[in-house]
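The values are calculated or read from the model by the stated rules, or taken from the named source; none is laboratory data. Values in this document were obtained by computation on a predicted structure and should not be read as measured data. Neighbour counts are summed over all protein chains in view; Cβ atoms, including those assigned to glycine, are modelled from backbone coordinates with ideal geometry. Surface areas here come from the heavy atoms of the whole protein model, side chains and all, with no ligands, DNA or RNA. Shrake-Rupley method; radii C 1.70, N 1.55, O 1.52, S 1.80 Å.
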Amino acid sequence: MVRLLADDPIATARESAPDGAEYAAAFAEITADPRQLLVALLPPSPAAATGEAEADEVVGTLQLSFVAGLSRRGATRMIIEAVRIAPAARGTGVGSELIRWALEHGRERGAVLAQLTTDQRREDAHRFYRRLGFEGTHLGMKLSL
């Protein structure tokens with residue numbers, strides 16, 4: 001999963017941990033929190049059997065966070081973060097299926113809104129999310145702490 005996070009020019013500088021301790025600690029915290037879900041997509045068995053991908057190689061990942069709020073009549077929002085698809089799996093529909101699954105999972109958990117941010121430089125990602133029905137309705141801002 002960390003390999004996928006670091007496998008792009010925008011994120012590579014911020015995704016490096018020589019011993020992985022930071023990632024292990026974050027993984028433990030995320031998995032202990034019922035309002036967080038870390039998803040790792042493995043290749044289907046036929047691909048693994050034919051040697052197209054290792055059986056334990058993650059081909060896609062994302063993190064879902066469920067946030068209670070007062071707005072929208074006390075609605076729960078689902079935030080989608082850290083979406084990554086392995087280069088060999090891009091263009092195969094895997095990413096679309098992963099996002100569709102996430103949206104259905106959010107509905108099942110009572111979320112009324114799915115939101116995500118994507119770097120302004122990721123024009124391919126913007127097209128991808130628009131095709132799935134997402135709209136650029138808000139301006140997101142971040143501040144490193």
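Which residue pairs have Cβ atoms under 7 Å apart, sit 6 or more places apart or on different chains, and have a first residue in segment 119-130 that is under 13 Å from GLY91 (Cα atoms) and a second that is open to solvent by less than 100 Å² (accessible area, probe 1.4 Å) and at pLDDT 90 or above?
From residues that are under 13 Å from GLY91 (Cα atoms), the pairs are ALA125/THR118; PHE128/GLY95.
ALA89 fails exactly one of the following numbered conditions: (1) within 11 Å of the chain's Cα centre (by Cα); (2) open to solvent by less than 60 Å² (accessible area, probe 1.4 Å). What is the number of that condition?
(1)
I'd like to know if segment 91-112 contains one or more residues that are basic (Lys, Arg), over 24 Å from ARG35 (Cα atoms) and part of a helix (DSSP H, G or I). Even if it seems obvious, please write down each step before you answer.
Quick first cut of segment 91-112, residues basic (Lys, Arg) only: 100, 107, 109.
Subset that is over 24 Å from ARG35 (Cα atoms): none.
Checking segment 91-112: not a single residue is basic (Lys, Arg), over 24 Å from ARG35 (Cα atoms) and part of a helix (DSSP H, G or I).
Which residues, taken from segment 96-145, are hydroxyl-bearing (Ser, Thr, Tyr) and either surrounded by 11 or more Cβ atoms within 10 Å (Cβ to Cβ) or under 17 Å from the mean Cα position of the chain (by Cα) (or both)?
First pass over segment 96-145, keeping only residues hydroxyl-bearing (Ser, Thr, Tyr): 96, 117-118, 129, 137, 144.
Once the filter is applied, which keeps residues that are hydroxyl-bearing (Ser, Thr, Tyr) and either surrounded by 11 or more Cβ atoms within 10 Å (Cβ to Cβ) or under 17 Å from the mean Cα position of the chain (by Cα) (or both), segment 96-145 yields SER96, THR117, THR118, TYR129.
Taking the condition of being farther than 17 Å from LEU5 by Cβ and either of a type in the set (A, V, I, L, M) or modelled with pLDDT of 95 or more (or both), how many residues in segment 103-125 meet it?
The total comes to 13.
Which condition from (1) modelled with pLDDT of 90 or more; (2) buried (at least 16 other Cβ atoms within 10 Å of the Cβ) is the one that ARG73 breaks?
With respect to (1) modelled with pLDDT of 90 or more; (2) buried (at least 16 other Cβ atoms within 10 Å of the Cβ), ARG73 is out only on (2).
Considering only residues that are touching a Ser or Thr at 6+ places or on another chain (Cβ under 9 Å) and either of a type in the set (A, V, I, L, M, F, W, C) or in contact (Cβ under 8 Å) with a residue 60 or more places away in the chain (or both), look in segment 60-70 and name the one that is surrounded by the most Cβ atoms within 10 Å (Cβ to Cβ). I'd like the intermediate steps shown before the answer.
Keep residues of segment 60-70 that are touching a Ser or Thr at 6+ places or on another chain (Cβ under 9 Å), which gives 66-69.
If we keep only those that are either of a type in the set (A, V, I, L, M, F, W, C) or in contact (Cβ under 8 Å) with a residue 60 or more places away in the chain (or both) too, we end up with 66-68.
Values: PHE66: 18, VAL67: 13, ALA68: 10.
For segment 60-70, the residue satisfying everything is PHE66.
Results for (1) modelled with pLDDT of 80 or more; (2) among the hydrophobic types (A, V, I, L, M, F, W, C), shown as yes or no for each residue.
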position: ILE10; (1), (2): no, yes
position: SER45; (1), (2): no, no
position: GLU54; (1), (2): no, no
position: ILE79; (1), (2): yes, yes
